[in-house]
1. Which of the residues belonging to region 104-137 are open to solvent by less than 50 Å² (accessible area, probe 1.4 Å), modelled with pLDDT of 90 or more, assigned to a loop (DSSP other than H, G, I, E, B) and under 17 Å from S21 (Cα atoms)?
2. Could you tell me which numbered condition G68 fails, if it satisfies all but one of (1) assigned to a loop (DSSP other than H, G, I, E, B); (2) of a type outside the set (D, E, K, R); (3) at pLDDT 90 or above?
3. Which condition number does N61 fail, the rest of (1) within 30 Å of V114 (Cα to Cα); (2) assigned to a helix (DSSP H, G or I); (3) open to solvent by 30 Å² or more (accessible area, probe 1.4 Å); (4) of a type outside the set (D, E) being met?
4. Whether any residue in region 90-97 is under 24 Å from C154 (Cβ atoms), modelled with pLDDT of 80 or more, not in a loop (DSSP other than H, G, I, E, B) and not basic (K, R) is what I want to check.
5. Residues in region 170-190: is at least one modelled with pLDDT of 75 or more and closer than 21 Å to E103 by Cβ?
6. Taking S24 and the conditions (1) open to solvent by less than 40 Å² (accessible area, probe 1.4 Å); (2) at pLDDT 85 or above, which numbered condition does it fall short on, given that it satisfies the others?
Amino acid sequence: MQIKELIINEEADELGVDAISLVSNPAIESGFITLSKDEKLKLQAVDSEKLILCGPALIPNKKIYRKGPTKKDGYYIYFSQKTVRQASELFLKNNNQKNHTLEHKEKATGLTVVESWIKESDDQDKSNLYNLNAPVGTWLISVKCDNKEIYDDCKNGVYYGFSIEGFFSEKLSELSKDENDENNDIIQTLKDLIKEHEQNNKKD
């Protein structure tokens, strides 16, 4: 199965992340990338008084399945640490802090990204305060939610996570040698099990 790296093509008219949505479930749509839910990395309502939400916006090197026209045409995508950092910088550079939606449909008001950072260390990072076990290189955000109704929905689990909205280019990525070796080991193990099963059946 193909693995494609998503990159930012700086010569394209549209590039990077232009909005962040609050969603209940993940979605990956053709040409338009929306990513969110992870059971261990959901957003946290971290300050009920200040109405602050915190969570990962984009996780590097995480393989995500994308459907093709048929099942055999499916493939995986991922973002490198370099692209995650580039996307986070462009998001702020283009003044998209107030661009938010609900479920990638309805425009949300009263939401502003007030903090944005890349996790540089497992031991020393603000995300540890919120029990967000994000890998190094993750783009994390804190959102000021002046819309009390939306904040309460997040707190009550109506919206599960942040999901980026943006356009990226695709680049075919070859499996690393270690991944190929691992896949070959799995295939050989399956072949050995089948062979052993057939021999046992002959004995019976």
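1. Matches in region 104-137: A108, G110.
2. (3)
3. Going through (1) within 30 Å of V114 (Cα to Cα); (2) assigned to a helix (DSSP H, G or I); (3) open to solvent by 30 Å² or more (accessible area, probe 1.4 Å); (4) of a type outside the set (D, E) one by one, N61 breaks only (2).
4. Scanning region 90-97 turns up at least one residue that is under 24 Å from C154 (Cβ atoms), modelled with pLDDT of 80 or more, not in a loop (DSSP other than H, G, I, E, B) and not basic (K, R).
5. Restricting attention to region 170-190, the residues satisfying the condition of being modelled with pLDDT of 75 or more are 170-171.
Pick out the ones that are also closer than 21 Å to E103 by Cβ and you get none.
No, region 170-190 contains no residue that is modelled with pLDDT of 75 or more and closer than 21 Å to E103 by Cβ.
6. (2)
The values are calculated or read from the model by the stated rules, or taken from the named source; none is laboratory data. None of the values given here were measured: they were computed from a predicted structure. Cβ sites come from the backbone with ideal geometry, for glycine too, and all protein chains shown count toward neighbours. Note: accessible area is taken over every heavy atom of the protein model, side chains too, but ligands, DNA and RNA are not part of it. Shrake-Rupley method; radii C 1.70, N 1.55, O 1.52, S 1.80 Å.
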